[in-house]
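Take a look at the structure below.
The values are calculated or read from the model by the stated rules, or taken from the named source; none is laboratory data. What you are looking at is a predicted structure, and each value in this text was computed from that prediction instead of being measured. Don't worry about glycine lacking a Cβ; one is built from the backbone with ideal geometry, like all the others, and counts go over all protein chains shown.
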Amino acid sequence: DAKTTQPPSMDCAEGRAANLPCNHSTISGNEYVYWYRQIHSQGPQYIIHGLKNNETNEMASLIITEDRKSSTLILPHATLRDTAVYYCIVRVFQGGSEKLVFGKGTKLTVNP
Amino acid sequence: DAGVTQSPTHLIKTRGQQVTLRCSPKSGHDTVSWYQQALGQGPQFIFQYYEEEERQRGNFPDRFSGHQFPNYSSELNVNALLLGDSALYLCASSPRLASSFNEQFFGPGTRLTVL
């Protein structure tokens, strides 16, 4: 079962920041939070990941609360091409291998 | 680098038939995972292969089986197809580096329709 909960949908105006929340209250100390997105009819695309500290890359920023029970993905200047389903995922690492447990994600619609 | 490739892109089968889907991982990757994505749902983990062995398995029946070849490519086989097996089947590859970050790259998927 997915360890994360996300709102089913969000809207954002083009050019504005999109802030996507995620709750993962049962996350374990060594489990990473990953964010992927899936544009219609394509495979999921990696965005960013983190364990404890806030992270930033060319696509987005990830803010993780100090207690690690929730996080927020920030797209600083959303464009129409950012319209997609965004998945917040906890990486489960067992027996030397890993799997990603997806929930239903948040459908982000960026409006002109 | 072609990334993760999957074939075929679309497939139509009837109930009771068997199907084989194929995946070639990204160059340099040796681990392949398969996911099933029903319409409107997130991808669900089926199983993962490394060194030609199944390493992890999700909650899927034995009708779902797989194989990995020495060149790291992989196949997903589904026997006795049911209508509920209609879905997008995604393959993801990653390097096998235990205890370190290993981003999974996904292919475009194979859309299976069971009639």
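Meeting the requirement of 2 or more residues that are away from chain A (no Cβ under 14 Å), more than 12 Å from the chain's Cα centre (by Cα) and touching a residue at least 60 places away in the same chain (Cβ under 8 Å), the strands (runs of 3 or more DSSP E) wholly within the range B:51-115 are B:110-114.
Residues that are charged (D, E, K, R) and part of a strand (DSSP E or B) were ranked within the range A:66-112; the one that is surrounded by the most Cβ atoms within 10 Å (Cβ to Cβ) is A:GLU98. Looking at A:ILE39, A:ILE63, just one residue is on the phi < 0 side of the Ramachandran plot and exposed (fewer than 14 other Cβ atoms within 10 Å of the Cβ), and that residue is A:ILE39. Taking the range B:26-50 as the search range and keeping residues that are touching a Cys at 6+ places or on another chain (Cβ under 8 Å) and more than 10 Å from chain A (Cβ to nearest Cβ), which one is modelled with the highest pLDDT? Step by step, filter the range B:26-50, then rank; the result is B:TRP34.
I'd like to check something: does the range B:31-42 contain any residue that is in contact (Cβ under 8 Å) with a residue 40 or more places away in the chain and part of a loop (DSSP other than H, G, I, E, B)? The answer is yes; a qualifying residue exists.
Residues considered: A:GLY43, A:GLY103, A:GLY50, A:GLY29. Of these, the only one that is small (Gly, Ala, Ser), at the interface with chain B (Cβ under 8 Å from one of its Cβ atoms), more than 15 Å from A:PRO7 (Cα to Cα) and out of contact with any Lys or Arg (no Cβ under 7 Å at 6 or more places or on another chain) is A:GLY43.
Give me a count of the residues in the range A:70-89 that are within 14 Å of chain B (Cβ to nearest Cβ), under 11 Å from the mean Cα position of the chain (by Cα) and of a type outside the set (Phe, Trp, Tyr). The number of residues fulfilling the criteria is 3.
Residues of the range A:32-67 that are among the charged types (D, E, K, R) and more than 14 Å from the chain's Cα centre (by Cα): A:LYS52, A:GLU58, A:GLU66, A:ASP67. Listed conditions (1) more than 30 Å from B:GLU53 (Cα to Cα); (2) without any contact (Cβ under 8 Å) to a residue 24 or more places away in the chain; (3) in a strand (DSSP E or B) are all met by A:TYR46, apart from (1).
Annotation note: Cβ proximity below 9 Å between a residue of the range A:98-110 that is closer than 13 Å to A:LEU20 by Cβ and a residue that is of a type in the set (Lys, Arg) and in a strand (DSSP E or B) (sequence gap 6+ or interchain) occurs for A:GLY105/A:ARG37; A:LEU108/A:ARG37. Exactly one residue out of A:PRO44, A:PRO21 is of a type outside the set (A, V, I, L, M, F, W, C), modelled with pLDDT of 90 or more and crowded, with 17+ Cβ neighbours inside 10 Å: that is A:PRO44. Checking A:GLU66 against (1) of a type in the set (D, E, K, R); (2) over 22 Å from B:GLN41 (Cβ atoms); (3) in contact with a Leu (Cβ under 9 Å, 6 or more places away or on another chain); (4) away from chain B (no Cβ under 14 Å), only one condition comes out false. Which one? In the conditions (1) of a type in the set (D, E, K, R); (2) over 22 Å from B:GLN41 (Cβ atoms); (3) in contact with a Leu (Cβ under 9 Å, 6 or more places away or on another chain); (4) away from chain B (no Cβ under 14 Å), A:GLU66 misses (3) alone.
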